[in-house]
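Participant: What follows is a single structure, and I will ask about it in a moment.
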Amino acid sequence: NFIGFFINETNVGHPGDQILINKSTVIKAKYEIKTFVISFMNNDLRLQISTLDYGSTPIYSAGTPTRVPTDSSTFSFIGWNQEFTPVSSDVVYHAQFNETLKKFYVYFMTKNNLLQLQQLDYGVTPIYTGNAPTKKSSATHNYEFVGWSPEIGPTTKDINYIAVFDSSTLLGIKDNPFASFGVSVKEHSRYIQINNAKVGSLYTILDVQGCVVKKGLVGSSSFNITIPQSGHYLIKIGSQTRRVNIK
């Protein structure tokens, strides 16, 4: 850039200036190197800004750019959106990242046994590929596998899917109806039999302190639930709740 005419260090090059010459004089034109603004950005965050002379090559020295992980992904810095080249204009460099989907562990289990373990990317819906889970028959009833609890869905975290079983009808038990919607509860010893429940609804058994004892999906309109010890319990099926006493 031209900055003016000078006699030694005196600028005498302003338009309209009159210069008194009374001896041999050298008047020199002076110039300065052009400068440009170089910015390094991480989205809307400016990491570094520099003013460089024409022809200089930018150098980034502000530390490796990072990006906050999301629920689904992590990010690793892989470079800038363009190569560093000698400066001839203002330039903005943008940080570039490689996105990696998070992986989570998915467990398919019975109460005490691991049946299948998978590691899946975020958002992938697991598929159980093993043999159908089984539960040993007792002296009073048999068990049939009816599904998983919770319901299988896209993977968003480490999760356990627990096999849910339906049991055969118990004998010698007392009927206690949910009169409001036709479901009946039969109590006997440490067992509860539920009849006429809506398939696909949720059931939950809570103790008197409100702690969940058992929960799952209704896979059959009639099924049995084993209660670990005697006492008073609340049974919730869908939006309905009833108190029972297990002796």
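Rule-based calculations on the coordinates, nothing more; no lab input. Every value quoted in this text rests on a predicted model; they were computed, and no experiment measured them. For neighbour counting, all protein chains shown are included, and Cβ atoms are generated from backbone atoms with ideal geometry for every residue, glycine included.
Participant: Using the Cα centre of the chain as the reference point, and only Cβ charges (+1 on K/R, -1 on D/E), how large is the resulting charge dipole? Debye, rounded to the nearest 20.
Facilitator: With Lys and Arg at +1 and Asp and Glu at -1, about 1360 debye.
Participant: Going through the cross-link list Lys102/Lys136; Lys135/Lys236; Lys111/Lys198; Lys111/Lys247, which pairs have a Cα-Cα distance over 30 Å in this structure?
Facilitator: Beyond 30 Å: Lys102/Lys136.
Participant: While we're here: From a point 7 Å beyond the Cα of Arg67 in the direction of its Cβ, which residues of region 24-43 have a backbone N at a distance under 12 Å?
Facilitator: Only 42-43 fall inside the zone, counting backbone N under 12 Å.
Participant: Within region 57-90, what residues put their amide N at less than 19 Å from the label point 7 Å along the Cα-to-Cβ vector of Ser50?
Facilitator: In region 57-90, the label zone of Ser50 (backbone N under 19 Å from the point 7 Å along Cα→Cβ) covers 57-66, 78-90.
Participant: Any chance you could run the full-extension gain for Asn160 through Val199? It's 0.36 nm times the residue separation minus the Cα-Cα distance, nm to one decimal.
Facilitator: Computed gain between Asn160 and Val199 is 11.8 nm.
Participant: Would you give the gap between the C-alpha center of region 95-117 and the C-alpha center of region 1-70, rounded to a whole Å?
Facilitator: Here the two parts' Cα centres lie 56 Å apart.
Participant: Pairs of alpha-carbon atoms within less than 8 angstrom and 6+ residues apart define the contacts here; what relative contact order does the chain have, in percent?
Facilitator: 11
Participant: Also, quick follow-up: Run the quick spin-label model on His94 and Ile3: label points 7 Å from Cα toward the beta carbon, then report their separation in nm to one decimal.
Facilitator: Reported label-point gap for His94 and Ile3 is 3.6 nm.
Participant: Take the Cα atoms of region 29-179, find their three principal axes, and give me the spread along each one in whole Å, biggest first.
Facilitator: 114, 37, 18
Participant: Whole-Hz ³J(HN,Hα) for each residue in region 25-39, computed from phi via Karplus 6.51 cos²θ - 1.76 cosθ + 1.60 with θ = phi - 60°, x for glycine and proline: what do you get?
Facilitator: Coupling constants for region 25-39: 9, 9, 10, 10, 7, 10, 9, 10, 5, 5, 10, 9, 8, 10, 10 Hz.
Participant: Moving to a separate point now. Once you order the gyration tensor axes a ≥ b ≥ c over the Cα atoms, which shape class does region 73-153 get: rounded for a/c under 1.5, otherwise prolate or oblate by comparing a/b with b/c?
Facilitator: prolate
Participant: Once you put a point 7 Å from the Cα of Leu114 and another 7 Å from the Cα of Leu206, both along the Cβ direction, what distance in nm separates them?
Facilitator: Rounded to a tenth, the inter-label distance reads 3.3 nm.
Participant: Take the alpha carbon gyration tensor of region 1-43, find the square roots of its eigenvalues, order them as a ≥ b ≥ c, and report rounded if a/c is under 1.5; if not, report prolate when a/b exceeds b/c, else oblate.
Facilitator: prolate
Participant: Find which of Trp148, Ser76, Ala95 sits farthest along the positive direction of the dipole of the chain, computed with +1 on the beta-carbon of Lys and Arg, -1 on that of Asp and Glu, about the Cα centre.
Facilitator: Among Trp148, Ser76, Ala95, the one farthest towards the positive end of the dipole of the chain is Trp148.
Participant: If you average the sequence gap of Cα pairs under 8 Å that are 6 or more apart and divide by the length of region 57-126, what percent do you get for the contact order?
Facilitator: After rounding, I find 26 percent.
Participant: Then there is this: So, in nm, how far is label Val244 from label Asn131 when the simple model puts each one 7 Å beyond its Cα toward the Cβ?
Facilitator: Roughly 3.1 nm, to one decimal.
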